[in-house]
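To keep things clear, I will list the structure first and then write my remarks on it.
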Amino acid sequence: DGMNVLFIIVDDLRPVLGCYGDKLVKSPNIDQLASQSMVFSNAYAQQAVCAPSRVSFLTGRRPDTTRLYDFYSYWRVHAGNYSTMPQYFKENGYVTLSVGKVFHPGLSSNYSDDYPYSWSIPPFHPSAEKHENDKTCRGKDGKHYANLVCPVNVTEMPGGTLPDIQSTEEAIRLLNIMKTNRQKFFLAVGYHKPHIPLRYPQEFLKLYPLENIPLAPDPWVPKKLPAVAYNPWMDIRQRDDVQALNVSFPYGPLPEDFQRQIRQSYYAAVSYLDVQIGLLLNALDNVGLSNNTIVVFTADHGWSLGEHGEWAKYSNFDVATRVPLMFYVPGMTTSPASEGANVFPYLDPFSRIGGSAPQGQSDKVVELVSLFPTLAELAGLQVPPACPETSFGVELCTEGTSIVHYFNASEGRVEEGREGCDTTGRCLNEEPVAFSQYPRPADTPQWNSDKPKLKDIRIMGYSLRTMAYRYTLWVHFDPSNFTANFQDVHAGELYMMDSDPNQDYNIYNNTSHGWFFKKLLG
């Protein structure tokens, strides 16, 4: 009777974590998880916006197969009746539970978070969620605003709480029930922070004095960035505090002191999140389930913090597409600890110094679409078959590929006996790649560039990331029949990671790219 699964999904979290080498952040509990986990330092989302990314990794299909690039369709009706990862676990005898933001709520998950297909009981949503965008942020004048930067006194909040606090409490309650009932479970816990508004308990600001907060290393719009690639961060412009700054559209920039405040609050929100994760993992210890529960920790995509003069997600850059990804697998990734020992003692970020190194680390490029087959394999379930070229009619298959073979691979070489090609037609000694994509309504930034509705999409940016480079083509896209025309290229980007790790110097126009083009068309 296999392992349980605790699947932790965080909203808009880029890898600003100690275990990913960030020197500023205080994330002791996530770092402690990493110290017992296999950590992937090159993991990428398939589209840098909430609903499309979540539907993609929960079904194991790419956005061109879910046909969800916005928020306004339910894949089972609009694309195909695809099985989801939790549904597959449920059909294999698991009790499947959803807490917080797992599926993106609303039309894209049928207003039910895909219940009853995916979940054994109706998903839990914290009641405080409905106040997220209320005017709960105290301004300097003592009045309340709907700000972007929003440290709060939790006791003054409606209900005296915040959504992620409620989600942690509910997840802990469910862990206790599962222990009592001795039922095998798949528990997904979706945290809201650091998604905007950056609303978190104000004491976390103490961890990050403003004078210690640097600007982005490249806070300017790169000279050779095609206009179509730029996202004008409309969602943060609509917050009261940003509106008051009267920033010019579309390129800004935001005043430097305010840039520092956003970065400070993002970090503070990450430390607040770290506390929630510390409490949750400590509860797993307390119910005695740490040695038979797989823990997965990841995010739906990243978030720009001023790099390239951009904020928010909505782009194909690493800062928007790269996510943390780690797997704690008892007996596989753990250092031999005595049975029943505390694996996850709670660590207080206010009294911690220094972090812990990951147990194992892979810099292989991997994709979130591979989560479904990977988790199935780790749990000892049959791995869903690889999808055929066109899979709209196929209910159970995956366009990702299990990455379990990277777990014990010594770095830098393919393990013996895995040469050649597997059934998916992927050759394992070939370089792994990650595909991301982003739609645009026009060649230049406009009010709906960040989140175009399907009918307004005219261009799709297809992006290919390997260890060595990121190559992006912005091509004509017809939303009426979901087709991209690679003969009609609007713009291109090419960044070489060795010489340009921040992706600031686009060399597309001074490179012959026939070879990259073939790779992208795959």
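The values are calculated or read from the model by the stated rules, or taken from the named source; none is laboratory data. Keep in mind that this is a model prediction, so the values were computed, not measured. All Cβ positions, glycine included, derive from the backbone under ideal geometry; neighbour counts span all protein chains shown. The protein model used for the area step is the full one, side chains on, heavy atoms only, and it has no ligands, DNA or RNA in it. Shrake-Rupley method; radii C 1.70, N 1.55, O 1.52, S 1.80 Å.
Restricting Arg61, Arg67, Arg76 to those that are within 20 Å of the chain's Cα centre (by Cα), at pLDDT 95 or above and open to solvent by 20 Å² or more (accessible area, probe 1.4 Å) reduces the list to Arg67. Would you check if there is a residue in segment 282-295 being charged (D, E, K, R) and more than 30 Å from Pro222 (Cα to Cα)? Yes - at least one qualifying residue is present in segment 282-295. Note on segment 31-58: residues that are assigned to a loop (DSSP other than H, G, I, E, B), farther than 10 Å from Val369 by Cα, in contact with a Ser or Thr (Cβ under 6 Å, 6 or more places away or on another chain) and open to solvent by less than 10 Å² (accessible area, probe 1.4 Å) total 3.
Of all the residues in segment 135-149, those that are modelled with pLDDT of 95 or more and open to solvent by less than 60 Å² (accessible area, probe 1.4 Å) number 6.
Could you grab me the full set of residues in segment 284-306 that are surrounded by fewer than 23 Cβ atoms within 10 Å (Cβ to Cβ), in contact (Cβ under 8 Å) with a residue 40 or more places away in the chain and part of a helix (DSSP H, G or I)? Within segment 284-306, Asp285, Asn291, Asn292 qualify.
Of all the residues that make up segment 199-256, how many are of a type in the set (Gly, Ala, Ser), open to solvent by less than 30 Å² (accessible area, probe 1.4 Å) and assigned to a loop (DSSP other than H, G, I, E, B)? Total meeting the criteria: 2. Can Ser362 be described as crowded, with 19+ Cβ neighbours inside 10 Å and either in contact with a Cys (Cβ under 9 Å, 6 or more places away or on another chain) or among the polar types (S, T, N, Q) (or both)? Yes; evaluated as a whole, the condition is true for this residue. Just so you know, in segment 441-462 the residues that are touching a Phe, Trp or Tyr at 6+ places or on another chain (Cβ under 7 Å) and open to solvent by less than 10 Å² (accessible area, probe 1.4 Å) include one that is farthest from Leu521 (Cα to Cα), and it is Asp450.
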